[in-house]
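The structure appears right after this line, and notes come after that.
The values are calculated or read from the model by the stated rules, or taken from the named source; none is laboratory data. Just so it is clear, the model here is predicted, and its values are computed rather than measured. Every residue, glycine among them, receives a Cβ derived from its backbone with ideal geometry; neighbour counts consider all protein chains shown.
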Amino acid sequence: MVLVRSLNLELGSKMPDFVLKDFSGLTYEREFCMGEKGLLIAFTCNHCPYALAVWDRLISIANMSEPLGIKTVAINPNIHPYYPEDSPENMFIFKKERGFSFPYLVDYTQEIAKAYKAQCTPDLYLLDSEGCLVYHGRLDDSWKDASKVGKEELKLAIEALSLGKISEESQHPSLGCSIKWRG
C-alpha cells in the first residue's frame, strides 16, 4: 500500500464529462447523474483501507446531500488483474452489502480518472450544477476513525453549495492508496 495525496486543483475549473457503465452494464452520463445543484464524485474502490475507512461516511453524506439537490456517484478506476477485490462482480456484492443507492461506476480504461487527475482512493470532487469544481479534498479530518472527526470539510462544502455559496473552509488533500494504474 502506497500512501498518496490528491492533487491541488484549481477551484472553478470545468471538469470533464464522462460516460461510464456500472457493474451490470447500465450506462451513466455525468449530465444525468448531476443533481439540481451539483454532483459529488468519489474515485474509490473496494479494497483500499483508506477507502474502506470512509465508505460508511461517504454513504451518509450522499444520503444527506441528495435532498439538498446534490447527487453522488462513485467511480472505481482499479479494474486491475492484481486486485480482484475491485472487479465489477465484487463491486456488485460490495454495493449490495453496503446498501447504497447511488451509482457505482467502472472506469475500465482509467481515462476518466486520468482526466480528473485522480491520484488515490478515495479522491473526492464536488461540482456545481455547471460542472465546475467547488471542492476537492478529504472527507473530514479523521480518515481512520469516525469517532474522532472534528471537522467535516466535505459536508460543509456540500451545505454551502446547496445554498448557492462556495465553502470558505480550507481544503486539505485526500489521502489514500494510489490508483492501480495499468501499463
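So in the range 86-100, with the set limited to residues that are in contact (Cβ under 8 Å) with a residue 40 or more places away in the chain and surrounded by 15 or more Cβ atoms within 10 Å (Cβ to Cβ), which one is nearest to Glu36 (Cα to Cα)? The residue in question is Phe100.
For the range 29-38, the condition holds for at least one residue, the condition being that it is crowded, with 19+ Cβ neighbours inside 10 Å, of a type in the set (A, V, I, L, M) and at pLDDT 95 or above.
Applying the criterion of being under 25 Å from Glu153 (Cα atoms) and of a type in the set (S, T, N, Q) to the residues of the range 1-28, the residue that is surrounded by the most Cβ atoms within 10 Å (Cβ to Cβ) is Ser6. Candidates are the residues of the range 26-83 that are in contact with a Cys (Cβ under 7 Å, 6 or more places away or on another chain) and assigned to a helix (DSSP H, G or I); the one that is farthest from Leu133 (Cα to Cα) is Tyr50.
Of all residue pairs spaced 6 or more apart or on separate chains, those with beta-carbon atoms under 6 Å, a first member in the range 155-183 that is within 30 Å of Val2 (Cβ to Cβ) and a second member that is among the aromatic types (Phe, Trp, Tyr) and part of a strand (DSSP E or B) are Ala157/Tyr135. Among the residues of the range 152-183, the one identified as assigned to a loop (DSSP other than H, G, I, E, B), among the aliphatic types (A, V, I, L, M) and under 14 Å from the mean Cα position of the chain (by Cα) is Ile179. Figure legend. Inter-residue proximity from the range 128-142: first residues within 15 Å of Gly38 (Cβ to Cβ), second residues β-branched (Val, Ile, Thr) and surrounded by 18 or more Cβ atoms within 10 Å (Cβ to Cβ), beta-carbon distance below 7 Å, spacing 6+ or different chains. Indicated pairs: Asp128/Val134.
Among the numbered conditions (1) charged (D, E, K, R); (2) in contact with a strand residue (DSSP E or B) (Cβ under 6 Å, 6 or more places away or on another chain); (3) surrounded by fewer than 21 Cβ atoms within 10 Å (Cβ to Cβ), tell me where Glu130 comes up short. The single condition Glu130 does not satisfy is (2). Only residues that are in contact with a helix residue (DSSP H, G or I) (Cβ under 8 Å, 6 or more places away or on another chain) and of a type in the set (Val, Ile, Thr) were counted across the range 27-40, and they come to 0.
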